[in-house]
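Undergrad: If you scroll down you'll find the structure; I have some questions about it.
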Amino acid sequence: MNLSTSNIKILGTGSFKPDFVALNEDFSKTAGLETDDDWITSRTGIKQRMFNCGENATNYNMSSKAAERALKAAGISADDIDIIVASTATPDFFYPSLACLVQNAIGATNAFAIDVSAACTGFVNALDIVRNYLANGSAKKALIVSGEMLSYHTDFTDRATCVLFGDGAGAIVLEATDSPKLYAAHLGAIGEKFDEPALYCKVPYKCNSPFGAKGENFGAVNHVDYIQMDGRAVYKFASDIMPKTVKSVCEKAGLELSDIDLLIPHQANIRIIKTAMKNLDIPEDKVYVNIEKTGNISSACIPVCLDELYELGRIKAGMKICMVAFGAGLTYGAVIIEV
């Protein structure tokens, strides 16, 4: 098969956004943070973010609702789905997988289910995985769901990180078709040393066996299970890798940058997005940004943006959409798909 074509079609999208909204002003009232709306907005572009609080505040519940909305938009039932791929950096369990929990919740009895762990790049990776299953005939219809509960791993005493992240979920239903459409992907990773990651959330392992020192910490990095980030290192990596990755995927697709109708970047930080777009010389009206209202919701950012764009009527048949992301790992990737 030509690497720049694929027989896949988007049938529907869906998302779930929690009801609880935290405004920048709310952080300014938190003792010890010493921040305000101007400080947060000027550095991040974020005005608010949503937290999944209260009864049944789980990742799988958000993800299942996003999946059900995508299925409704696609006009198909859950038992039509052959494969579910879920991306998350914040699962409810080590196991079972988020995909299996969603499968049960929506009643997708005919699907097999797997999770992808690539941090904020997870959705892009999941899309390329699903594309391969659909293209080789292993599946006819697929569901991708990306759900994140970052608030549960956020240190709300750390001004540098607590204002960045939110919760939410996005989903997309795709099917194999007989009509070839433009498709290309460029995925990569720059693996980090165990004790020197730029962005991480450590599993708080402690020795629990009779063969070691009871309660002894495992590993060399911070064991608090909060998001830890070297902001300067992440900014440097992201602002460099995003334009490079977009250019690489355009080359694979045989396109010029000007051929892209719509670019959806990972919604991490408005400064990163603007720097990357300046390097690409892409007009602002071709770039979709919603970070002001959602904050950074990791792998859920791009599918949530997709759902918003479909609701706004901004996506038309034949458009070439580029989605680009970066994340902990360090991971990065971009996909171009013709809708």
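Undergrad: Touching a residue at least 40 places away in the same chain (Cβ under 8 Å) and either in contact with a strand residue (DSSP E or B) (Cβ under 8 Å, 6 or more places away or on another chain) or assigned to a loop (DSSP other than H, G, I, E, B) (or both): which single residue out of 113, 73 fits that description?
TA: 73
Undergrad: Where in region 225-339 are there helices (runs of 4 or more DSSP H), lying wholly inside it, with at least 1 residues that are in contact (Cβ under 8 Å) with a residue 60 or more places away in the chain and either farther than 30 Å from residue 175 by Cβ or polar (S, T, N, Q) (or both)? I'd like the intermediate steps shown before the answer.
TA: Values: elements: 231-253, 270-280, 291-294, 301-312.
Here the list reads 231-253, 270-280, 291-294.
Undergrad: Only one residue in 198, 185, 220 is buried (at least 19 other Cβ atoms within 10 Å of the Cβ) and at pLDDT below 90, so which one is that? Before the answer, list the steps.
TA: Values: 185 fails: at pLDDT below 90; 220 fails: buried (at least 19 other Cβ atoms within 10 Å of the Cβ).
The match here is 198.
Undergrad: Could you grab me the full set of residues in region 98-157 that are polar (S, T, N, Q) and touching a Phe, Trp or Tyr at 6+ places or on another chain (Cβ under 8 Å)?
TA: Taking region 98-157 first, the residues polar (S, T, N, Q) are 103-104, 109-110, 117, 121, 125, 132, 136, 138, 146, 151, 154, 157.
Within region 98-157, 121, 146, 151, 154 qualify.
Undergrad: Still on this structure, I have one more. Report, by residue number, each residue of region 288-311 that is surrounded by fewer than 22 Cβ atoms within 10 Å (Cβ to Cβ) and in contact with a Phe, Trp or Tyr (Cβ under 9 Å, 6 or more places away or on another chain).
TA: Selection gives 308, 309.
This table checks each residue for (1) assigned to a helix (DSSP H, G or I); (2) surrounded by 24 or more Cβ atoms within 10 Å (Cβ to Cβ).
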| site | (1), (2) |
| --- | --- |
| 50 | no, no |
| 65 | yes, no |
| 79 | yes, no |
| 86 | no, yes |
| 92 | no, no |
| 104 | yes, no |
| 123 | yes, yes |
| 126 | yes, yes |
| 129 | yes, no |
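Undergrad: Give just the number: which of (1) within 30 Å of residue 255 (Cβ to Cβ); (2) modelled with pLDDT of 85 or more does residue 164 not satisfy?
TA: Every condition holds for residue 164 apart from (1).
Undergrad: Quick check on residue 174: is it buried (at least 21 other Cβ atoms within 10 Å of the Cβ), of a type outside the set (Lys, Arg) and in contact with a strand residue (DSSP E or B) (Cβ under 8 Å, 6 or more places away or on another chain)?
TA: yes
The values are calculated or read from the model by the stated rules, or taken from the named source; none is laboratory data. Quantities reported herein were computed from a predicted structural model and do not represent experimental measurements. With ideal geometry, Cβ positions are generated from the backbone for all residues, glycine too; neighbour counts draw on all protein chains shown.
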